[in-house]
Amino acid sequence: MNYQTANRATAAALGLIIVSGIFATAVVAIKLTLCVPAIDEDRAAERTKALTEMRATEEKALATTAWLDQPHGVVRLPIDTALQLAAQQWQNPAAARAELTARQEKAVAELPKAPEKPSAFE
């Protein structure tokens, strides 16, 4: 190994150490000068109130019956009621499967009819 190669390696290592030191100093300086304000009591109370309202709304939605899409017959049921209805319907699997297929076909829109002859622009 010659002196020129050794000097380059030493200079590279020294440069890396200096750059790392500058970076660490900048990080510490920024961390000490920038303060993130804590959530004050008013903001915490507001967030707690919003969370309580949101949970109450969700709980009400899960526990009540309502129409979601009346023309298509889509209803929101409480979980317990939906489980009981499903258990009753699936006591006869063949009939339940047939009813499920019929409801699915009713809910899916029909595809538009294909044109009988191609247009003049094709």
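The values are calculated or read from the model by the stated rules, or taken from the named source; none is laboratory data. Everything quoted here is computed from the prediction, not taken from an experiment. For neighbour counting, all protein chains shown are included, and Cβ atoms are generated from backbone atoms with ideal geometry for every residue, glycine included.
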Expected single match for surrounded by 10 or more Cβ atoms within 10 Å (Cβ to Cβ) and either aliphatic (A, V, I, L, M) or touching a Cys at 6+ places or on another chain (Cβ under 7 Å) (or both) among Ala94, Ala120, Ala86 is Ala86
Restricting the stretch 72-83 to residues that are within 17 Å of Glu59 (Cβ to Cβ) and aliphatic (A, V, I, L, M), the one surrounded by the fewest Cβ atoms within 10 Å (Cβ to Cβ) turns out to be Ile79
Given the criteria farther than 30 Å from Glu105 by Cβ and more than 35 Å from the chain's Cα centre (by Cα), does Thr48 qualify? no
- request: Would you be able to say whether some residue in the stretch 75-89 is under 30 Å from Ala102 (Cβ atoms) and part of a strand (DSSP E or B)?
  value: yes
Does the stretch 51-71 contain at least one residue that is at pLDDT below 85, part of a helix (DSSP H, G or I) and surrounded by 10 or more Cβ atoms within 10 Å (Cβ to Cβ)?
no
Listed by first then second residue, the pairs whose first member lies in the stretch 14-36 and is at pLDDT 95 or above, whose partner is of a type outside the set (Lys, Arg), with beta carbons under 8 Å and at least 6 positions apart or on separate chains, are none
